[in-house]
Structure formats: structure tokens, C-alpha cells
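The structure appears below as C-alpha cells.
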Amino acid sequence: MPSPSPIFVAGTGRSGTSRIADIIGEHPLIHRIPMETRFLIDPGGLRDLADALTDRYDPTVGEDALHRLSDFLTVRVPGRRDDRGKTVPELVGERRYRDAVQQLWPQLIAYTYDEPAPAEGFGNGDRPAGPFEPLSRRRVLPRYFSDRRELLGILRGLIDTMFGGAAADAGKPTWCEKTPFNLLCMEFLWELVPEATIVHIKRNPVSVLASHLAQPWAPSTVDGVLAYLKPVYHRWLTWKNTVDLTGRRYIEVKAEDLAADWPGQRRALFERLDIDDFVTPSTFQSHKLTNRNDQFDDETREFIEEALGKVIPAMGYE
């Protein structure tokens, strides 16, 4: 059997993305990148850069995108730790991460120069003039990529070095990356890694909402979580209705189905990933999914179902 393709896991959040990514990463052929890397799709990451240096290009837009990506890759990513205290560079290899980032910039920059500081007293909003300000600042002219595929090839090289290298260190031929809002960025992910498989795990939207209420990073009221989740579902369903996913490497599963028949559903999942079945230490368990079913009283549940409206059947739940 050939080596499997790279995998992106997607969902709304609180739908089982972490669990299914763990399970996929327990297969002997697939290495799970152990935390959300974020720099692919988050604001200031590779997706924004791809647009800024192609369709949205002008020197100012491009320079801003490069500065934001630099901050992302050199400050935010190395400074963010998971619940085990690890950072992305530590998990993919600190030397590998540093070298990959350093090698990226020359491929994205056309020219650099020093801009003199304005005369004292005639500063601008983002850099006031004065006796203690630097006499100049380094400016960057980003490359303009008329062929978007050339830029995507450069960005793909960064991913291959980091993720592919981490998988090789683990003795596995490919990798799995999980970030819930991969859900809303599938076109870009397939641009970046055309052979990738995207695994979208769904869960009853009412249960998803209930689980969000318990998270410190989410709104703490039903109205707040509805305001958070409804646009996510709307964007996903609107996009899905405009594309034909039958020819794509796309797998859609329900957390409830996985829990109801775990061995059978696991075999089916691995078969769709073109890999042999493997008994993983992690599983989906019904009692962990149904613990949200009685969280709301009847009146509140009726309000939530009415507010979500067509989202519930559109996601495959009645």
C-alpha cells in the first residue's frame, strides 16, 4: 500500500478534532503534529501572505504582510506553549524550525533599503520624530508573484521541511495537522498541499454549543456562543453549497457515529485514508459525547434549536 497523503483535520471546535487527530497520529504511518501550529491559516499567517503577495499586492500591503508573518513565526509561535509546556519549534525540531524560517525570507524579499527618519518634530503617526528616535529604519520591498503557484511552492517547502522533517524523525512517512478552522480554509489548504486529505469531524451543533459554554476562551452565555458559532456554520455551509467535493480528498465523519461503532468506523476511516486498519490506544466513547445531552432544560434547548434553525439538519442532524 502506498504512503498516505498528508492530512488536515477540521471542525467547528469542540466537535472531536483533537481526539480524531490523536487517533490518526497513533497509526504507524502518520505523525500528528502535536499542537495547532496556527501559522497556516490564522491572521498574519501563510494564507494572508499568499493573498498579499499575489492578488492583493502593492508594496505597502506586501511589506505589512511580511512584518506580520515575521512576528508570527519569530515571536508568537515560539512563545506559545501547549498544555505540556511545549512549543511548535520544540515539537518539529528547534534547529529545523529556525533554519526553515531563515531560509524563507530571501525567497520573499525583492529589495531592502534604509528610509531616513523625518526631521525632528515632523514625525508620522506610526513613528514620531524626536532626538531619541533612530535615524533610519529598514524597509522591505516584497516580491510580487504574478504566478501564485510559485509562491505556494515556496510556502509548501516550509511545510515540507517542518512537518515532513518531524514525521521523518518519528519514523513515519507523512503527517497530520489539526486546527479546527481548517474548516473554513479548505481551498487554501488544497492549494498549499494539493494531495492532502481533509478530515472534517462533525458533532450535533447543540452539543457543540454546550461544550463551548464550558471553555474559558469562548463566550459564557448561550446568546454569546450562538453569536460565535452561527457565522462559522453559515460560512461553511455557504461554501460547501458552491463546490463539488466528490472529486476531492475529503472525508466527513460524525463523532456520534464513531462512538456508536468504534471498531467498524475506525476501519472505515483508515480505509478511506488508504491505510491499513490499526487498533489505536485512543477511541471514541459514547458516554463522553452524551454528557452534554441533558445540559439544557427543555425551554433553553428549544430556544437553541430554533436559533440554529436550518443549521442542524444541514449538518446532518434532526
### Query
Given the options D58, D42, D147, which has the most mean-square fluctuation in a GNM of the chain, springs set between C-alpha atoms less than 10 angstrom apart?
D147
## Note on the structure
Computed ³J(HN,Hα) along region 58-75: with the Karplus parameters 6.51/-1.76/1.60, θ = phi - 60°, integer Hz and x for glycine or proline, the list is 8, x, 6, 4, x, 5, 4, 5, 5, 5, 5, 5, 4, 4, 4, 7, 9, 10
### Query
Once the Cα atoms of helix 262-272 and of the chain are each reduced to a long axis, what angle between those two axes, in degrees from 0 to 90 to the nearest 10, is obtained?
50 degrees
### Partners for K310 among aspartates and glutamates (Cα-Cα distance below 17 Å; same-chain residues under 8 apart left out)
E302, E318
### Nearest-10 value in Å² for the accessible area of T283, using the 1.4 Å probe
40 Å²
### Task
May I ask which residue of L237, A268, V279 lies farthest towards the positive end of the charge dipole of the chain, with charges of +1 (Lys, Arg) and -1 (Asp, Glu) on Cβ and the Cα centre as origin?
V279
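Going down the list K86/K254; K86/K178; K172/K230; K178/K254; K178/K288, which pairs span over 27 Å between their C-alpha atoms? Mind dumping the intermediate values first?
Numbers: K86/K254 30 Å; K86/K178 16 Å; K172/K230 38 Å; K178/K254 16 Å; K178/K288 20 Å.
Too far apart for the 27 Å limit: K86/K254; K172/K230.
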### Query
Of all DSSP beta bridges in the chain, what percent run antiparallel (nearest 5)?
35 percent
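Which order do the peptides 300-306, 250-256, 8-14 come out in when sorted by mean C-beta neighbours inside 10 angstrom, highest first? Write down the numbers at each step before the final one.
Details: 300-306: 13.6, 250-256: 18.9, 8-14: 25.3.
With the highest mean Cβ count within 10 Å placed first, the list reads 8-14, 250-256, 300-306.
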### Query
Taking K240 as the anchor, which aspartates and glutamates have their alpha carbon closer than 14 Å to its alpha carbon, excluding any fewer than eight residues away along the same chain?
E187, E252
### Message
Report the gain in length on full extension from R137 to A314: 0.36 nm times residue separation, minus Cα-Cα distance, nm rounded to one decimal.
### Response
58.4 nm
#### Entry: Descending semi-axes in whole angstrom, ellipsoid equivalent of the chain, from the Cα gyration tensor
39, 26, 18
### Task
Mind giving me the nanometre distance, one decimal, between the label points for Y113 and D261, set 7 Å out from Cα along Cα→Cβ?
6.7 nm
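By average Cβ neighbour count within 10 Å, what is the ranking of 78-88, 307-317 from highest down?
So the order, starting with the most tightly packed, is 307-317, 78-88.
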### Task
Whole Å is fine, so just give me how far the alpha carbon centre of region 163-219 lies from that of region 1-22.
6 Å
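Could you order Y233, Y144 so the one with the most accessible surface comes first? Probe is 1.4 Å. Write down the numbers at each step before the final one.
Numbers: Y233 5, Y144 130 Å².
Heavy-atom accessible area, descending, gives Y144, Y233.
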### Task
Under 16 Å from a label point 7 Å along Cα→Cβ of L237: give me every residue in region 178-214 with its amide N that close.
184, 202-209
### Task
Provide the solvent-accessible area of W105, counting protein heavy atoms only and rolling a 1.4 Å probe, rounded to the nearest 10 Å².
50 Å²
### Task
Quick one: angle between helix 298-308 and the longest Cα principal axis of the chain, in degrees between 0 and 90, rounded to 10, please.
50 degrees
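Relative to the Cα centre, what is the charge dipole magnitude of the chain, using +1 at the beta carbon of each Lys and Arg, -1 at the beta carbon of each Asp and Glu, and rounding to the nearest 20 debye? Write down the numbers at each step before the final one.
Working: 40 positive and 47 negative charges, 112 e Å.
Charge dipole, the chain, about its Cα centre: 540 debye, nearest 20.
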### Query
So how far apart, in nm, are the two label points at H67 and K288 if each is 7 Å from Cα heading toward Cβ?
4.4 nm
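So how much slack lies between Q295 and T246, counting 0.36 nm per residue of separation and subtracting their Cα-Cα distance, in nm? Walk me through the numbers on the way to the answer.
Numbers: separation 49, 0.36 × 49 = 17.64 nm, distance 3.65 nm.
Gain in length upon complete extension: 14.0 nm.
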### Query
What's the carbon and sulfur percent of region 1-114's accessible surface, probe 1.4 angstrom, rounded to a whole number?
46 percent
#### Entry: Peptides 107-114, 19-26 ordered by average Cβ neighbours within 10 Å, highest first
19-26, 107-114
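The values are calculated or read from the model by the stated rules, or taken from the named source; none is laboratory data. Predicted model only: the values in this text are computed from it and were never measured. Virtual Cβ from ideal backbone geometry, glycine too; neighbours counted across all protein chains shown. In case anyone asks, the SASA skips ligands and DNA or RNA and just uses the protein heavy atoms, side chains included. Shrake-Rupley method; radii C 1.70, N 1.55, O 1.52, S 1.80 Å.
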